[in-house]
Amino acid sequence: MQNSDVFILAIESSCDDTAAAVLHNDNVLSNVVANQLIHAQYGGVVPELASRAHQQNIVPVIDAALRKANITKEQLSAIAFTQGPGLMGSLLVGSSFAKSMALALNIPLISVNHMHAHILAHFIDEEGFDKPNFPFLALTISGGHTQIVQVNDFFDMTIIGETTDDAVGEAFDKSAKILGLPYPGGPLVDKHAQLGNPKAFAFTKPKVPGLNFSFSGLKTAILYFVQKKKLENPDFISENMDDICASIQYTIVEILMDKLKLAVKETGIKQIAIGGGVSANSGIRKAIKDTEQKYGWKTYVPKFEYTTDNAAMIGIVGYQKFLSQQFETAAVVSKARIQF
Ligand code: KG4
Ligand code: ZN
């Protein structure tokens with residue numbers, strides 16, 4: 001088979017989105033995501049409900065991805081799936097399906113690290129989006145992770161900084177919960193923040209040495225601040241929602257940018273790519289873009305549909321692994337935690 005004719009079916013089921021995509025080389029033919037709305041009423045992802053919903057969604061989602069791509073399963077070159085990190089019950093649904101399908105079609109099986117995928121999503125061929133050159137720094141910010149990664153090549157990357165407690169997405173979601181906003185609150189905080197004054201309230205930034213992050217103290221500070229203000233005025237939240245959200249977002253963006261600036265100073269690398277669900281945030285997008293003028297950085301922000309969890313990003317890693325023949329047997333196991 002010619003390398004120019006690689007068709008990858010990719011499956012992502014690490015958390016609460018069931019997703020499937022079909023790629024022709026580095027082009028995305030289809031990218032289907034089924035969100036699980038059931039978790040909103042519980043204020044967070046319920047693992048048992050997530051795996052059950054994946055079981056219900058996986059067949060229709062894969063079927064839709066193949067139909068939208070307008071290819072048959074017999075045309076597929078390989079099947080890529082998320083091995084981890086993630087919720088074990090959720091991962092197992094995707095991996096079991098991928099294994100059986102690869103076995104039935106007698107085609108290679110490819111395992112993908114979800115965090116690699118958030119980073120390599122920048123290599124999907126998209127009009128109007130440049131691909132970064134190696135080496136670059138990736139700021140991967142999601143509901144489960146906060147990492148700065150030095151990326152030397154497709155499969156040569158090192159975590160140089162990460163959170164010691166909550167992920168930045170959790171900081172957004174937990175702050176939103178304190179303010180009475182539904183789960184996932186990150187996008188809602190962002191929406192209110194765009195209407196508020198970022199300097200209205202000051203929150204102390206954590207003092208963590210080196211390139212690591214900490215967000216649990218910020219969440220506690222916000223909780224105490226809101227409780228105190230509500231004693232003075234029971235309507236404090238509703239009367240100040242935009243300003244509170246703007247101030248929280250401003251603080252979180254500052255925390256991220258401080259560490260990124262330090263990482264650039266320490267590595268001398270000025271090419272920055274952001275990825276993960278939180279990279280959809282308007283504050284971080286603006287702060288990242290501003291560095292091009294301010295400090296001469298070259299920055300990469302992915303297309304919106306490749307920032308939150310999706311299977312196209314799993315597919316692009318699958319494509320790279322296909323080219324270098326990195327295949328698995330059906331004995332491959334899912335991993336809730338996984339190293340680079
Ligand atoms: O990458 P992702 O879809 O799933 C994980 O792997 O975690 O990221 C989801 C996270 C959630 O915490 C969500 O609140 C956050 O990304 N998020 C945002 C925004 N859009 C999504 N946080 C802040 N501002 C946004 N616009
Ligand atoms: Zn993710």
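Numerical summary
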| quantity | calculated |
| --- | --- |
| Every residue from segment 42-84 that is farther than 27 Å from Phe322 by Cβ and either in a helix (DSSP H, G or I) or touching a Gly at 6+ places or on another chain (Cβ under 6 Å) (or both) | Tyr42, Pro47, Glu48, Leu49, Ala50, Ser51, Arg52, Ala53, Gln55, Gln56 |
| Subset of segment 184-214 that is assigned to a loop (DSSP other than H, G, I, E, B) and within 8 Å of ligand 1 (Cβ to nearest atom) - its residue that is surrounded by the most Cβ atoms within 10 Å (Cβ to Cβ) | Pro184 |
| Some residue of segment 228-240 being within 16 Å of ligand 1 (Cβ to nearest atom), in contact (Cβ under 8 Å) with a residue 40 or more places away in the chain and not basic (Lys, Arg) | no |
| Residue check for His122: in contact with a strand residue (DSSP E or B) (Cβ under 6 Å, 6 or more places away or on another chain), modelled with pLDDT of 95 or more and within 16 Å of ligand 2 (Cβ to nearest atom) | yes |
| Qualifying residue in segment 260-276 (condition: touching a Ser or Thr at 6+ places or on another chain (Cβ under 8 Å) and at pLDDT below 95) | yes |
| First in segment 302-319 and aliphatic (A, V, I, L, M) and within 9 Å of ligand 2 (Cβ to nearest atom), second anywhere and part of a helix (DSSP H, G or I) and modelled with pLDDT of 90 or more, Cβ under 9 Å, 6 or more apart | Met313/His114; Met313/His116; Met313/Ala117; Met313/His118; Met313/Ile119; Met313/Leu120; Met313/Ala121; Met313/Tyr306 |
| Candidates Val46, Val28, filtered to the one that is out of contact with any Leu (no Cβ under 9 Å at 6 or more places or on another chain) and at pLDDT 95 or above | Val28 |
| Residue that is nearest to Ser90 (Cα to Cα), among those in segment 15-67 that are among the hydroxyl-bearing types (Ser, Thr, Tyr) and out of contact with any His (no Cβ under 7 Å at 6 or more places or on another chain) | Ser51 |
| Boolean, Asp156 is within 16 Å of ligand 1 (Cβ to nearest atom) and assigned by TED's automatic domain parsing to the domain that holds Ile269 | no |
| Any hit, segment 14-35, residues being in a helix (DSSP H, G or I) and surrounded by fewer than 17 Cβ atoms within 10 Å (Cβ to Cβ) | no |
| Complete set of residues in segment 162-173 that are over 13 Å from Tyr250 (Cβ atoms) and either among the aromatic types (Phe, Trp, Tyr) or surrounded by fewer than 22 Cβ atoms within 10 Å (Cβ to Cβ) (or both) | Glu162, Thr163, Thr164, Asp165, Asp166 |
| Matching entry among Asn197, Asn152 (being out of contact with any helix residue (DSSP H, G or I) (no Cβ under 8 Å at 6 or more places or on another chain) and away from ligand 2 (no atom under 15 Å from the Cβ)) | Asn152 |
| In segment 289-311, residue farthest from Ala21 (Cα to Cα) [restricted to those that are within 13 Å of ligand 1 (Cβ to nearest atom) and not hydroxyl-bearing (Ser, Thr, Tyr)] | Val301 |
| Yes/no for Met257 being under 22 Å from the mean Cα position of the chain (by Cα) and either more than 16 Å from ligand 2 (Cβ to nearest atom) or at positive phi (or both) | yes |
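The values are calculated or read from the model by the stated rules, or taken from the named source; none is laboratory data. Treat the numbers as computed from the prediction; the structure is a model and nothing was measured. Glycine also receives a Cβ, built like all others from the backbone with ideal geometry; neighbour counts cover every protein chain displayed.
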